[in-house]
Amino acid sequence: MGAVVVAVLLLVAGAHADDARQLLESRDSLYNNIYVYREGPYVSMTFGYNQHLYEESLFNPLDDRELPVTYTRFMTVGLAYPKKVSSILEIGFGGGRTAWYLHRFLPDTPVTSVELDPMVVQLADKYFGIKQEPNFNVVQQDGRVFLTSSPRLYDLILIDAYRGPFVPFQLLTKQFYQIVKQHLSEDGVVVQNIEPTTMLFDSAVNTLHAVFANLDLYPAQGNIVVVAYDGKPRSDQALQAIAAERQAALNLRYDLAQMLGARRPLSTEGALVDPKASVLTDDFAPVEALKAIEKHNRKWAAKK
């Protein structure tokens, strides 16, 4: 799951007792410094990087259908776009809350979530209410490598992979989005959480637009959720019709029609994005890019 935009100063280990939160567990994996906290009714998973904490997932153990972080609710707006939702893929599992929400409301639809860090999956199982159930599958692998080797098509692909404040480079290039596009069904859509305060935001949006004809932007309290798809632009009326039908059938916790009210098509909101921002591309030939993924996935060294 992606980072929430607010970074909290990372306290040294001896000062954790002064934190209002209760530290439940900390782990150092090959990819992340992981901290699990409890504060009030909520459990959070955070990743440490350069003396800061970035919140990756928030869970209410008393209500496993709640999505406390606003942008994660908007990640589900993609359900209003395809004519059918028979398969869902998520890249970036984190605490697993978005994938689990979709699974709870669409129990007959296969939901696959790909997570690079096996320790993140272990902690999600331990603290975030994730269970092994039919039609819910977590794959421990790099998302791009998974897609490159997968023959499946998906109606909805969610991309929410972050390391601290940034998306891993191999999940933010034109070549990657071309691979994503090859794995979408005929009217499938990709939904991505993009942190708008980084210098790469304009380039990230332009890179998506270099591969997909249509982009809809959803402001989500500090984050921007982007829905990208090909074909003719979807009208408000068409989306609202699907949303109403799907909302009635699934009784979703967060109403699709209400979220569609925040929709801002890039074609009408172009001033939000610098059209001259560079399109991001791989710096390597494809085989070399895949070989480089393992190196670039390793966690960054802390500042000294």
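Go through the residues of segment 231-253 one by one and say whether even a single one is of a type in the set (Ser, Thr, Tyr), touching a Phe, Trp or Tyr at 6+ places or on another chain (Cβ under 7 Å) and over 17 Å from residue 98 (Cβ atoms).
The answer is no, given that none of the residues of segment 231-253 is of a type in the set (Ser, Thr, Tyr), touching a Phe, Trp or Tyr at 6+ places or on another chain (Cβ under 7 Å) and over 17 Å from residue 98 (Cβ atoms).
Scan segment 257-276 and tell me whether some residue there is buried (at least 20 other Cβ atoms within 10 Å of the Cβ) and under 28 Å from residue 145 (Cα atoms).
Among the residues of segment 257-276, not one is buried (at least 20 other Cβ atoms within 10 Å of the Cβ) and under 28 Å from residue 145 (Cα atoms), which makes the answer no.
Listed residues 236, 202, 187; which is among the acidic types (Asp, Glu), closer than 14 Å to residue 273 by Cβ and in contact (Cβ under 8 Å) with a residue 12 or more places away in the chain?
When all the criteria are applied, what remains is 202.
Considering each residue of segment 32-73, count those that are modelled with pLDDT of 90 or more and under 15 Å from the mean Cα position of the chain (by Cα), and give that number.
Of the residues in segment 32-73, 9 are modelled with pLDDT of 90 or more and under 15 Å from the mean Cα position of the chain (by Cα).
Being at pLDDT below 80 and surrounded by 12 or more Cβ atoms within 10 Å (Cβ to Cβ) is the filter here; which residues of segment 1-31 pass it?
1, 2, 3, 4, 5, 7, 8, 10, 11, 16, 19, listed by residue number.
Of all residues in segment 151-174, which are assigned to a loop (DSSP other than H, G, I, E, B), surrounded by 15 or more Cβ atoms within 10 Å (Cβ to Cβ) and in contact with a strand residue (DSSP E or B) (Cβ under 9 Å, 6 or more places away or on another chain)?
Residues satisfying the conditions are 153, 160, 161, 162, 164, 165, 167, 172.
Going by what's in this entry, would residue 76 be described as part of a helix (DSSP H, G or I) and at pLDDT 95 or above?
yes
Among 121, 191, which is under 16 Å from residue 208 (Cα atoms) and β-branched (Val, Ile, Thr)?
191
Identify, by number, the condition in (1) touching a Lys or Arg at 6+ places or on another chain (Cβ under 7 Å); (2) surrounded by 17 or more Cβ atoms within 10 Å (Cβ to Cβ); (3) at pLDDT 95 or above that residue 253 doesn't meet.
It fails just one condition, (2).
Scan segment 122-145 residue by residue and report those that are of a type outside the set (D, E, K, R) and surrounded by fewer than 20 Cβ atoms within 10 Å (Cβ to Cβ).
Passing the criteria: 122, 129, 132, 134, 135, 137, 139, 140, 141, 145.
Looking only at segment 178-208, count every residue that is modelled with pLDDT of 95 or more, touching a strand residue (DSSP E or B) at 6+ places or on another chain (Cβ under 7 Å) and surrounded by fewer than 22 Cβ atoms within 10 Å (Cβ to Cβ) and tell me the total.
3
Here are some residues: 169, 176. Which one is in contact with a His (Cβ under 7 Å, 6 or more places away or on another chain) and under 23 Å from residue 203 (Cα atoms)?
Going through 169, 176 in turn, the sole match is 169.
Name the pairs: first residue in segment 272-284 and under 12 Å from residue 206 (Cβ atoms), second residue of a type in the set (D, E, K, R) and exposed (fewer than 14 other Cβ atoms within 10 Å of the Cβ), Cβ to Cβ under 9 Å, at least 6 apart or on different chains?
Taking only residues 6 or more apart or on different chains, not a single pair turns up.
The values are calculated or read from the model by the stated rules, or taken from the named source; none is laboratory data. Here the structure is a predicted model, which means the values were calculated and not measured. Positions of Cβ are generated from backbone atoms using ideal geometry, with glycine treated the same way; all protein chains shown enter the neighbour counts.
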